[in-house]
1. Does segment 143-157 contain any residue that is touching a helix residue (DSSP H, G or I) at 6+ places or on another chain (Cβ under 9 Å), more than 27 Å from residue 24 (Cα to Cα) and modelled with pLDDT under 90?
2. Being closer than 16 Å to residue 20 by Cβ and of a type in the set (A, V, I, L, M) is the filter; apply it to segment 50-69 and report the residue that is surrounded by the fewest Cβ atoms within 10 Å (Cβ to Cβ).
3. Give the residues of segment 64-91 that are touching a residue at least 24 places away in the same chain (Cβ under 8 Å) and in a helix (DSSP H, G or I), sorted by residue number.
4. Residues being at pLDDT below 90 and not in a loop (DSSP other than H, G, I, E, B): count how many of those fall in segment 158-173.
5. At pLDDT below 85 and either among the acidic types (Asp, Glu) or in the same structural domain as residue 135 (by TED's automatic domain parsing) (or both): does that describe residue 63?
6. Condition (residue is of a type in the set (Gly, Ala, Ser), in contact with a Lys or Arg (Cβ under 9 Å, 6 or more places away or on another chain) and either under 20 Å from residue 31 (Cβ atoms) or surrounded by fewer than 20 Cβ atoms within 10 Å (Cβ to Cβ) (or both)) applied to segment 127-141: is it met by at least one residue?
Amino acid sequence: MGPEVTRNLTDLEAIAAANLFLSDQMPDHYCVGDPTYDDAAKLWRVAVLLTHPRAGLVGVVGEISIGGSSEEILTHTPFDDMKASGRSLYEQHREAIESSFWPTVTDGYCKITAFEAEAIAGGFLLDHLPDRFSTGAPRFDKAAGVWRVPVILAYPRIGSVGEVGELTVDDSTKEVASHTPFEEMTTRALAIYEQRCEEIEAAFLQTRDR
């Protein structure tokens, strides 16, 4: 029997490497799944998932392969292909997601849906803040004519760990009308992370072991 081959890179390290690579290239609703080790190729295969903050997993859109003994990204599904797969998956599940997680407006006062308001707010966040900042459930303010969308600090595979601010989306113009100052949101996010750092790390490890 030949000498045993030692696999230097752990599954947690593979996840961390894939997450770092993905966060630099893709929006925050794309995250990595559980890695599997390919003994023949001596590498980690990490699935790329399309997720929704409250609907959860939508589907698999690609894969990242990482060296078994290093954090080197060897290959990955082209980003454009992952985005195309993500759009296709989302369209397939859009009606179910919207009907399950946002109430239908029936009083005729709203020109856009809660789903559309959250999409507008989410795009705004992506342009101005890191990918750990996400949107919560929108609430329509009839008197002001705006959708109030909470801004939350969230982590892939863990979810929301706290609220850090709010955006408002004008129901008529379909644009962000106001928001909590970015500096204030980042300060709140840092405070929440420091308060719950151990809990966040523990939750991540528990998710990995499932």
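1. Checked segment 143-157: no residue is touching a helix residue (DSSP H, G or I) at 6+ places or on another chain (Cβ under 9 Å), more than 27 Å from residue 24 (Cα to Cα) and modelled with pLDDT under 90.
2. Per the stated criteria, the residue is 64.
3. 79, 82, 83, 85, 86, 89, 90
4. Initial filter on segment 158-173 (at pLDDT below 90): 158-162.
With not in a loop (DSSP other than H, G, I, E, B) added as a condition, the list becomes 159-162.
Counting residues in segment 158-173 that are at pLDDT below 90 and not in a loop (DSSP other than H, G, I, E, B) gives 4.
5. Numbers: at pLDDT below 85: no; either among the acidic types (Asp, Glu) or in the same structural domain as residue 135 (by TED's automatic domain parsing) (or both): yes.
No; evaluated as a whole, the condition is false for this residue.
6. Looking only at segment 127-141, we keep the residues that are of a type in the set (Gly, Ala, Ser), and these are 134, 136-137.
Subset that is in contact with a Lys or Arg (Cβ under 9 Å, 6 or more places away or on another chain): 136-137.
Right, trim to either under 20 Å from residue 31 (Cβ atoms) or surrounded by fewer than 20 Cβ atoms within 10 Å (Cβ to Cβ) (or both) and you get 136-137.
Taking every residue of segment 127-141 in turn, at least one turns out to be of a type in the set (Gly, Ala, Ser), in contact with a Lys or Arg (Cβ under 9 Å, 6 or more places away or on another chain) and either under 20 Å from residue 31 (Cβ atoms) or surrounded by fewer than 20 Cβ atoms within 10 Å (Cβ to Cβ) (or both).
The values are calculated or read from the model by the stated rules, or taken from the named source; none is laboratory data. Values in this document were obtained by computation on a predicted structure and should not be read as measured data. Neighbour counts run over all protein chains shown; Cβ positions are idealised from the backbone, glycine included.
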